[in-house]
1. Tell me, which strands (runs of 3 or more DSSP E) wholly within the range 7-74 include 3 or more residues that are among the hydroxyl-bearing types (Ser, Thr, Tyr)?
2. If you scan the range 102-122, which residues turn out to be surrounded by fewer than 18 Cβ atoms within 10 Å (Cβ to Cβ) and either in a helix (DSSP H, G or I) or in contact with a Gly (Cβ under 9 Å, 6 or more places away or on another chain) (or both)?
3. Using the structure shown, decide if Cys184 is exposed (fewer than 13 other Cβ atoms within 10 Å of the Cβ), among the hydrophobic types (A, V, I, L, M, F, W, C) and not in a helix (DSSP H, G or I).
4. I want to confirm something. Restricting to the range 67-112 and keeping residues that are polar (S, T, N, Q) and within 17 Å of Ile219 (Cβ to Cβ), which single residue is nearest to the chain's Cα centre (by Cα)?
5. Quick check on my filter: what residues within the range 189-199 are surrounded by 14 or more Cβ atoms within 10 Å (Cβ to Cβ) and either closer than 22 Å to Ala95 by Cβ or of a type outside the set (Phe, Trp, Tyr) (or both)?
6. Would you please list the contacts, defined by Cβ atoms under 8 Å and residues six or more apart or on different chains, that run from a residue in the range 163-174 that is hydroxyl-bearing (Ser, Thr, Tyr) to a residue that is part of a loop (DSSP other than H, G, I, E, B) and surrounded by 10 or more Cβ atoms within 10 Å (Cβ to Cβ)?
7. Which residues, counting only those in the range 199-217, are β-branched (Val, Ile, Thr) and within 18 Å of Ile151 (Cα to Cα)?
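The values are calculated or read from the model by the stated rules, or taken from the named source; none is laboratory data. Source: prediction; values computed, not measured. FYI the Cβ positions are ideal-geometry reconstructions off the backbone, even for glycines, and counts take in every protein chain you see.
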Amino acid sequence: MALIYILDDEAGLETLHVRGDLHKYLIKVRRHCEGDELCFRARKNIELLHRYRVESVEPRSAELSLISSSVYEVKSKKSLHIGWCIIDSNSIEKALPSLCEIGVEKISFISCERSQKNFKLDFKRFERIVEASMQQCGRSTYIEFGTCKNIKEFIDKYPDTKVFDFCEQTLQDYSDIKTILVGCEGGFSSKEKEFLSSLERFRLDTPMVLRSESAVLAIASKIVL
């Protein structure tokens, strides 16, 4: 997939010198040449979109000149915060690009009773995965990551949370949902179900049992898109 924009910490300078892997991608893979225009953003001021023109191309480098810089934010019109009980990091990483494209604003990872304790969350790696997705889909805001030590802590912070669970209730209207809670593989424990019993719970209208990451993607799509 082509990049909508390129993240470069030097974006915004009057002249950019492109080398290495980025040069290989832009010139040899995407076959950009002199006169082509490309968009860049810098992590520090990511809301600014910088447009450059390719001025010269050498075998191992290319020189680009700045055409314009302007504020151009690309983000979802709806805000969604997912409380996600911790599952295998590999499964989380596979879902992150799609969650970024859908427009999820924040993910809080929660250690619940059925979460395996050996799973380690690497937020720096998560951010690299999200950055790659942002450049491909055009999004200009990062997903915010956080943690909670248990479900009670999460609900205390976000009392208006809606809970995805195995129950009779299916929702027809997702428009007012701002925060959802999704369990890990195997769902919530009996103790957690009792604690969550006073909150609004819902399921998706399907007879199939969804994996945690499938549920997160399906619910996020319904709410945000």
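1. Numbers: elements: 15-19, 37-41, 48-57, 61-71.
Passing ranges, in order: 61-71.
2. Lys106, Arg114
3. On the way: exposed (fewer than 13 other Cβ atoms within 10 Å of the Cβ): no; among the hydrophobic types (A, V, I, L, M, F, W, C): yes; not in a helix (DSSP H, G or I): yes.
When the stated conditions are applied, Cys184 does not pass them.
4. We begin by selecting, within the range 67-112, every residue polar (S, T, N, Q); these are 68-70, 76, 79, 89-91, 98, 108, 111.
Retained after the next criterion (residues that are within 17 Å of Ile219 (Cβ to Cβ)): 76, 79, 91, 98, 108.
Numbers: Ser76: 11, Ser79: 12, Ser91: 14, Ser98: 7, Ser108: 12 Å.
Among those that are polar (S, T, N, Q) and within 17 Å of Ile219 (Cβ to Cβ), it is Ser98.
5. At the first step, the residues of the range 189-199 found to be surrounded by 14 or more Cβ atoms within 10 Å (Cβ to Cβ) are 189, 192-193, 195-196, 199.
Scanning the range 189-199 gives Ser189, Glu192, Lys193, Leu196, Leu199.
6. Thr170/Leu204
7. Step one: filter the range 199-217 for residues β-branched (Val, Ile, Thr), giving 206, 209, 216.
Once the filter is applied, which keeps residues that are β-branched (Val, Ile, Thr) and within 18 Å of Ile151 (Cα to Cα), the range 199-217 yields only Val216.
A quick yes/no check of all residues on (1) outside any loop (DSSP other than H, G, I, E, B); (2) touching a Gly at 6+ places or on another chain (Cβ under 8 Å); (3) of a type in the set (Gly, Ala, Ser):
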residue: Ala132; (1), (2), (3): yes, no, yes
residue: Gln136; (1), (2), (3): yes, no, no
residue: Thr147; (1), (2), (3): yes, no, no
residue: Ile155; (1), (2), (3): yes, no, no
residue: Asp173; (1), (2), (3): no, no, no
residue: Phe195; (1), (2), (3): yes, no, no
residue: Thr206; (1), (2), (3): no, no, no
